[in-house]
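Written below as structure tokens is the structure these notes are about.
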Amino acid sequence: MAPSRTTLEEHLAAQQALLTSDQARGMAVIISRIGSVASVIAQELAHAALRDQLGYAGGSNITGDQVKKLDVWGHDIMMAALLKSGACAALISEESPEPIEMPEGKGANGLVVACDPVDGSSNLDVNGTVGTIFSLRPSRGMDPAGPAALGPGTDQVAAGYVMYGPATALVYTAGHGTHGFTMDHSTGEFFLTHPNIRVPKKGKVYGINEGNISTWHPGQRAFVEYLRTPDKATGRPYSLRYSGAMVADVHRTLLDGGVFMYPADMRDPAKPKPKLRLLYEVAPMSMIAEQAGGRASTGTERVLDIKASDYHQRAAIIVGSPDDVALAEEFYRR
């Protein structure tokens, strides 16, 4: 059967009609803008080595990561596009210590966008998969708008990501299911190819950086050891798949099932140290997974119930098939 020729803009218009929130129009405008930016980013990534865009720009961002040239470029192009949207009241980005306020989008219906423009940028120098992650929250008319994002993940009105792989895919949710689109590289337009994605109840694959095993919570170590132990009755062992880019690993999990995990560093149990950022990585991916019938947990609590207190706050995540995530939580309780 031929794929649907429904465009991203047409799908956003249909989703907008389902929403009762005052931010519905702004949501559609912003995600459409992000789709346009994704087309430009995909082109730039394809020619990055030829344009001297690989490698480090120098210095570190607010979360201590070394900044890549494409991190800076991606931040700048995303900021410019959101500024022109007229619907974004503030941008929270990995590359900016504080929210970037946008007067053009302020007001009762404005939206705060939290975004990691180039997720997994450490993969760029080896031509690996990278992505863009975004989250939309209501500004509630606050001025400045940025602090409106400091709430639980349930405040999100929409979330999504773009994956730049062999094909460029955009996946988003506005609270009515999770839907995937593929870009036609000849036009830069996105078409619906994966309507209403549903995560399998149980999977056969897990993704985690096993190089950090010595720092994991005991329950995390026990769960991974369980997944690696052969047992035909329960479909074990699971296969390990880990790319180093959250977008790629979560995308595989959404389509094929299983679980992706990035637990906290527990060398000091009194001071756990998660790696991924809550507002623009962990929370949006959790909303996407839940809307696809999956689950997202820290091991001890639902991710979307975590209330952010800092723009660059970090959080652990275990996300994917509902049965697999529930089992991980059981190991943590033990």
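Read-outs throughout are calculated quantities, based only on the coordinates presented, and are distinct from any laboratory measurement. As the structure is a computational prediction, the values presented were derived from the model and not from experiment. FYI the Cβ positions are ideal-geometry reconstructions off the backbone, even for glycines, and counts take in every protein chain you see.
So how strong a dipole does the range 205-333 carry about its Cα centre when Lys and Arg Cβ are +1 and Asp and Glu Cβ are -1, to the nearest 20 debye? Write down the numbers at each step before the final one.
Details: 16 positive and 16 negative charges, 51 e Å.
It works out to roughly 240 debye.
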Contact order relative to length for the range 8-194, counting C-alpha pairs under 8 Å separated by 6 or more residues, stands in percent at 17 percent
So the angle from the long Cα axis of helix 246-256 to the longest Cα principal axis of the chain, reported in degrees to the nearest 10, equals 70 degrees
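Let me know the charge dipole size of the range 8-194 about its Cα centre in debye, to the nearest 20, where only the beta-carbon of Lys, Arg (+1) and Asp, Glu (-1) is charged.
Computed about the Cα centre, the dipole is about 260 debye.
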Cβ density ranking, 10 Å radius, fewest first, applied to His11, His176, His194 yields His176, His194, His11
Unit-weight point scatterers at every alpha-carbon of the range 181-267, Debye formula, q = 0.16, 0.19, 0.25, 0.26 1/Å: log10 I(q)/I(0) is -0.73, -0.91, -1.27, -1.32
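For the range 263-334, report the translational diffusion coefficient in µm²/s to the nearest whole number, using Stokes-Einstein at 4 °C, 1.567 mPa s, and a Kirkwood Rh over Cα pairs.
For the chosen part, D equals 105 µm²/s.
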In debye to the nearest 20, the charge dipole size for the chain, taken about the Cα centre with +1 at each Lys and Arg Cβ and -1 at each Asp and Glu Cβ, equals 880 debye
Here the FRET efficiency for Ala233 versus Arg334, based on Cβ atoms and R0 = 25 Å and rounded to 0.05, is 0.75
Per principal axis, largest first, the Cα atoms of the range 8-194 extend in Å by 46, 37, 26
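What number does the range 205-333 give for Rg over Rh if you use C-alpha atoms and the Kirkwood radius? Please list the in-between numbers first.
Numbers: Rg = 13.7 Å, Rh = 14.6 Å.
Using only Cα positions, Rg/Rh for the range 205-333 is 0.94.
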The ³J(HN,Hα) series, computed from each phi in the range 20-32 with the Karplus coefficients 6.51, -1.76 and 1.60 at θ = phi - 60°, rounded to the nearest Hz and given as x for glycine or proline, is 9, 6, 6, 8, 4, 5, x, 4, 5, 5, 5, 5, 4
PRE zone check, label point 7 Å out along Cα-to-Cβ of Thr6, amide N under 16 Å, scope the range 149-185, hits 170-183
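As a test of the formula, what do you get for the chain when each DSSP H run with n ≥ 4 contributes -39,500 (n - 2.57) and the sum is divided by the residue count, at 222 nm and rounded to the nearest 500 deg cm²/dmol?
-9000 deg cm²/dmol
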Rounded to one decimal in nm, the spacing of the 7 Å Cα→Cβ label points at Leu240 and Ser214 is 1.6 nm
The correct pair for the chain, radius of gyration to one decimal and Dmax as a whole number, both in Å and from Cα atoms, is 19.0, 59
Expressed in nanometres to one decimal, the distance between label points 7 Å along Cα→Cβ at Tyr226 and Thr20 is 4.0 nm
Between the residues Pro237, Ile34, Ser297, the Cα farthest towards the positive end of the dipole of the chain, that dipole coming from +1 and -1 charges on the beta-carbon of Lys, Arg, Asp and Glu, is from Pro237
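So for Leu83, Leu170, fewest C-beta neighbours within 10 Å to most, what's the order? Write out the running numbers ahead of the final one.
Working: Leu83 16, Leu170 25.
So the residues, fewest neighbours to most, are Leu83, Leu170.
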Straight-line reach check, Lys202, cutoff 19 Å on alpha carbons, 8 or more apart in-chain or any other chain, hits among aspartates and glutamates -> Glu225, Asp231, Asp249, Asp256, Glu290, Asp323, Asp324, Glu329, Glu330
With the 8 Å Cα cutoff and a minimum separation of six or more residues, the chain has a relative contact order in percent of 16 percent
Taking every alpha carbon pair in the range 198-248 and sorting the distances into 5 angstrom bins from 0 up to the bin holding the longest one, the percent per bin comes out as 5, 17, 25, 25, 19, 8, 1
